[in-house]
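Every number here is computed from the coordinates shown, using simple stated rules; none is lab data. Note that the structure is a prediction, hence the values are computed from the model and not measured. Here the Cβ positions follow ideal geometry from the backbone for every residue, glycine too, while neighbour counts run over all protein chains shown.
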């Protein structure tokens, strides 16, 4: 290198020369307030966010170490927006997803569409487009079933209907899927109260359960496949 026009030779420590270059496994997490990690404000504090991505990323990095994948790092880029719908996600797909050039895109979406009165089949059309856009961008989609609500049985019926469509489509197309509904539902068919913040959004334990389910059902297998081919 040059300092004030004078060439200076710098000798790097051998350990630096022997370190492999860092390679990244990048996930974009596309979604709404559930991806944001929204929790309703309490009388004792303000607005709180506890995104599952903050818990999932350390799990993935520990697994990389366990698999001996030195030089690899896992990143989970949170692209959740409060109140967003599948229309909104399609509209911002280029800037939120394509610009990041991820290896994988976790798509957890549709609850706001159902609350807006859309039928499950209509929501599924948009989800299918999101999966297709992901593949066209050179990334791999990871679908998620929707989590249940704590008290709205009519909405839970609609959620089950959409989840059945998601599962059928992904099974047919070979798309990886995370079954969040089954992991967070209670024995009464509603959201387990332990995981509920306000009946729809999740508690800290709920977002932790989401992270653990995503890791156990998909992420760990992706990293193991990476280890087999590296």
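Hey, fewest Cβ within 10 Å first, where do 171, 179 land in order?
171, 179
Once you have the Cα-Cα distance between residue 173 and residue 198, take 0.36 nm times their residue separation minus that, and quote the gain in nm to one decimal.
Working: separation 25, 0.36 × 25 = 9.00 nm, distance 3.47 nm.
Separation in residues times 0.36 nm, less the Cα-Cα distance, equals 5.5 nm.
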Point to revise | Between 0 and 90°, nearest 10: helix 52-66 axis offset from the chain longest Cα axis | key: 50 degrees
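If you take every DSSP beta bridge whose two residues both sit in region 30-177, what share of them, in percent to the nearest 5, is antiparallel? Spell out each step's value before the answer.
Working: 3 of 13 bridges.
So the antiparallel bridges amount to about 25 percent of the total.
How much length would be gained if the chain were fully extended between residue 101 and residue 212, taking 0.36 nm per residue of separation minus their Cα-Cα distance, in nm to one decimal?
Working: separation 111, 0.36 × 111 = 39.96 nm, distance 2.47 nm.
Net length gain for the segment: 37.5 nm.
Order these by the 10 Å Cβ neighbour count, fewest first: 170, 144, 29. Before the final figure, lay out the partial values.
Numbers: 170 21, 144 29, 29 26.
Ascending number of Cβ neighbours within 10 Å: 170, 29, 144.
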Check your understanding: Between residue 47 and residue 153, what is the label-to-label distance in nm when each label sits 7 Å out along the Cα-to-Cβ direction?
Key -> 3.5 nm
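At a 10 Å Cβ-Cβ cut-off, how would you order 33, 42, 182, fewest neighbours first?
Numbers: 33 19, 42 10, 182 13.
Exposure proxy ranking, most exposed first: 42, 182, 33.
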**Study point:** Gaussian network model of the chain, Cα within-10 Å springs - most flexible of 22, 86, 128
**Key:** 22
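Over the chain, what is the relative contact order in whole percent, taking alpha-carbon pairs under 8 Å and six or more residues apart? All intermediate terms of the calculation are to be shown ahead of the outcome.
Details: 375 pairs, mean separation 49.8, N = 230.
It comes to 22 percent, rounded to a whole number.
Rounded to the nearest 0.05, what FRET efficiency is calculated for residue 188 and residue 82 with R0 set to 25 Å and r the Cβ-Cβ distance? List each step's numbers first, then the result.
Details: r = 28 Å, r/R0 = 1.12.
Efficiency, from the Cβ-Cβ distance: 0.35.
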Review point. What length, rounded to one decimal in nm, is gained on full extension from residue 122 through to residue 70, with 0.36 nm per residue of separation minus their alpha-carbon distance?
Key: 14.3 nm
Study note, to complete from the structure: The helix 204-214 Cα axis meets the longest alpha-carbon principal axis of the chain at an angle in degrees, between 0 and 90 and rounded to 10, of 70 degrees
